Amino acid sequence: MAKFSERYGYISPSSVLIRKNMTDEIINAICTAYDMLEQKMNYFGNYYDKIEEYLWCYFLNKRLSDFYTNRGHYIVATDYIINSKNQWYKKIDLIEATLSYLLQEKNGNYRYNEWLNFFVDYLNEEFERLNFAYRIIDNQIVEVTSEEEIKEIETALNNSSKGTEAHLQTALSLLSKRPNGDYRNSIKESISAVEATVREITGANTLDFKKLETKGIILPSVLKKSFELLYGYTNDESTGIRHALMDDTNVPSSDEAIFMLVSSSAFVNYLNKKKT
């Protein structure tokens, strides 16, 4: 029999938006990126071996002679990324060290630029797909989902009505679907959480910001305009969020779904404070 949390979809935001941790799926994706990079580079010679030599000497800070003794297996995937004793952030450091090597070598061989672009693109696609809270930007790994943003979602879940909570939980569940999240419907559920909160305050059947004022909740004009634009985005036919998808040129991504979930949660929290 399925567990209560599985039947009703009660999941923690921190288990969906992965930060300060690496799941097995993320570790496997990183290892696959190195496997594919090895294949691409060694097709033209033993170029990938040079990356491992560099990491051995300048990341692990080991003796060069010992590297040649240990050439039977690859450092990156087997010894470091997979090894649970290594902290998640040190594994990110190793990826950045790899990026640094590819970057410094690309001026001497045009293929390094191709290999660098492949490595960055593949990891960013996988990080997005697996909801890992980091991206490679300008050859550095940066955080795109902060602890404060996750707390906004948790606060909205804990302090809202059952209707709003249900929409936010569904948004999280759709975001965490595997192998790919349902980002369009996750966004729809996020904005529905805001609608539910506004309707509870106004008693109206639609999201009516003007009626909030009659209940004593006066939104700053810029904030009101900003959320009206976000609401308009969810009603744009090209996204297929609230309408049948007309084409696939503007399909929402994981990043957009996370942004809408955080933004909607923050707005729900704002309204909850205003109405008390």
**OP:** Per DSSP H run of n ≥ 4, the term is -39500 (n - 2.57); total these for the chain, divide by its residue number, and report the mean residue ellipticity at 222 nm rounded to 500 deg cm²/dmol.
**Re:** -20000 deg cm²/dmol
Subject >> Entry for Cα extents along the principal axes in Å (calculated from the structure that is shown) out of (1) 82, 48, 32; (2) 76, 40, 36; (3) 71, 44, 35 >> reply: (2)
Subject >> the chain: angle of helix 221-234 to the longest principal axis, Cα-based, in degrees nearest 10 >> reply: 70
Original post:
Just how far, in whole angstrom, is region 205-220 from region 20-94 if you go by their alpha carbon centroids?
Top reply: 55
Original post:
Of K62/K85; K50/K90; K85/K177; K211/K275; K177/K275; K151/K211, which pairs sit farther than 23 Å apart, going by alpha carbon to alpha carbon?
Top reply: K85/K177; K177/K275; K151/K211
Subject >> Debye equation applied to the C-alpha atoms of region 147-275, log10 I(q)/I(0) at 0.13 Å⁻¹ >> reply: -0.51
Original post:
Which of L230, L175, L130 moves the most in a Gaussian network model of the chain with Cα springs under 10 Å?
Top reply: L230
Original post:
So for the pair K273, S65, with labels modelled 7 Å out along Cα→Cβ, what separation do we get in nm?
Top reply: 6.4
Original post:
Against the longest alpha carbon principal axis of the chain, how many degrees, from 0 to 90 and to the nearest 10, is the axis of helix 147-159 turned?
Top reply: 30
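Which FRET efficiency value, to the nearest 0.05, is calculated for K162 and K210 with the Förster distance at 30 angstrom and r the Cβ-Cβ distance?
With R0 = 30 Å, the Cβ-Cβ based efficiency is 0.70.
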Original post:
Starting at 0 and stepping by 10 Å, how many percent of the alpha carbon pairs of region 24-143 end up in each bin?
Top reply: 12, 48, 34, 5
Original post:
How much length is gained if the chain between S14 and T32 is pulled fully straight, taking 0.36 nm per residue apart and subtracting their Cα-Cα distance, in nm to one decimal?
Top reply: 4.0 nm
Subject >> Computed label-point distance, nm, for sites N113 and Q87 using a 7 Å Cα→Cβ extension >> reply: 3.7
Original post:
How much FRET efficiency would the formula 1/(1 + (r/R0)^6) give for R178 and N235, where r is the Cβ-Cβ distance and R0 is 35 Å, rounded to 0.05?
Top reply: 0.75
**OP:** Given the peptides 101-112, 33-44, arrange them by the average over their residues of other C-beta atoms within 10 Å, most packed first.
**Re:** 33-44, 101-112
Original post:
Could you give the length gained on full extension between D24 and D49, defined as 0.36 nm per residue of separation minus the Cα-Cα distance, in nm?
Top reply: 6.4 nm
**OP:** For the chain, find the longest principal axis of its Cα atoms and tell me its angle to the long axis of helix 88-105, 0 to 90°, nearest 10.
**Re:** 60
**OP:** Would you mind getting me the FRET efficiency between V251 and E143? Use the beta-carbon distance for r and R0 = 22 Å, nearest 0.05.
**Re:** 0.35
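Bear in mind these aren't lab numbers, they're just calculated from the coordinates by the rules spelled out. The shown structure was predicted, so the numbers you read here are calculated from the model rather than taken from an experiment. We place every Cβ from the backbone using ideal geometry, glycine too, and count neighbours over all the protein chains shown.
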